[in-house]
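Here is the structure we will look at.
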Amino acid sequence: TVRLVVAVDGPAAAGKGTLARALAEALGLPYLDTGLLYRAVGRRMLDAGLAASEDAGPIAQALVPADLERTDLRTPEVDRAASLVASQPAVRSALLDFQRGFGARHGAVLDGRDIGTVIFPDAPVKLFITASTRARAERRWRQIGGDVALSENVRIAAIEAVEAELQARDEADSAREVAPLRPATDAVEIDTDQLDAQAVLQEALRIVHERT
Ligand code: C5P
């Protein structure tokens, strides 16, 4: 049996999760949202009253499956804490074996920032999902319950605030020394600005079939 690993990387709110989940379903593979691992570490740092810049290695080593089931992992403060702890080499190395083991067992679709560059550098299929910061901010704003009934000005200001947060996180993720956000040299880039989820899935499936 084949143990296909598909790496899905890209900046925040580009549609990686939506695609990776649909792709896993279509291919009959397990799915892992690796951002949840960093979110769970950031969450536990916040709970412990520790700044996310302090050593989060011990917490990353002590992570248990129940930490990933928590419902409070997608708040703005966890966004920031996750990105901060994700720049710590001790955190990344503590989470490495789990991610490799998950993919190696039955194959998998994994989404994150460094799946194609660090976690599975030999994955036969690597996708790098992008979209303009404005398109990503609009999607994320809708996702978090942005009120379309707001006046135009208020709505635009809210979207711009989300956009600034996304940009700051992408810059931090791209500029860090360890496992920075960047496409693997053999990744195929999909720009999702003009594509709906179904079209992105079709394009991804085409690439999977071409490469396998
Ligand atoms: O994908 P998500 O937005 O949930 O990821 C949260 C944060 O976790 C990212 O901003 C990034 O700093 C970190 N992350 C990472 N490597 C991954 C997945 C996420 O550094 N593979």
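Descriptive notes on the structure:
- Spatial offset of the range 11-68 relative to the range 141-194 amounts to 18 Å, using the alpha carbon center of each.
- Rg(Cα) / (2.2 N^0.38 Å) computed for the chain, rounded to two decimals: 1.01
- For the range 97-155, the mean projected area of the C-alpha convex hull, equal to one quarter of the hull surface, is 5.9 nm².
- Stretched out straight at 0.36 nm per residue, the stretch from Ala90 to Asn153 would grow longer than its current Cα-Cα span by 18.3 nm.
- The charge dipole of the range 54-212, taken about its Cα centre with unit charges on the Cβ of Lys, Arg, Asp and Glu (plus for the first two, minus for the last two), comes to roughly 340 debye.
- Exposure proxy ranking, count of Cβ atoms within 10 Å, fewest first, for Ser87, Ser132, Ser151: Ser151, Ser132, Ser87
- Taking every DSSP helix (H) stretch of at least 4 residues in the chain, weighting each as -39,500 (n - 2.57) and dividing the sum by the residue count yields a mean residue ellipticity at 222 nm of -16500 deg cm²/dmol.
- Inverse of mean 1/r across different Cα pairs in the range 136-212, Kirkwood, Å: 15.2 Å
- When you restrict to C-alpha pairs under 8 Å that are six or more residues apart and normalise by the size of the chain, the relative contact order lands at 34 percent.
- For the range 30-132, the alpha carbon convex hull comes to 113 Å³ per residue, rounded to a whole number.
- The slack in the chain from Asp191 to Asp97, taken as 0.36 nm per residue of separation less the alpha-carbon distance, amounts to 30.8 nm.
- Extension gain from Ala26 to Leu205, taking 0.36 nm per residue of separation minus the Cα-Cα distance: 63.6 nm
Computed from the coordinates by the stated procedures, all read-outs in this text should not be read as laboratory data. Predicted, not measured: the structure shown is a model, and the values here were computed from it. Neighbour counts are summed over all protein chains in view; Cβ atoms, including those assigned to glycine, are modelled from backbone coordinates with ideal geometry.
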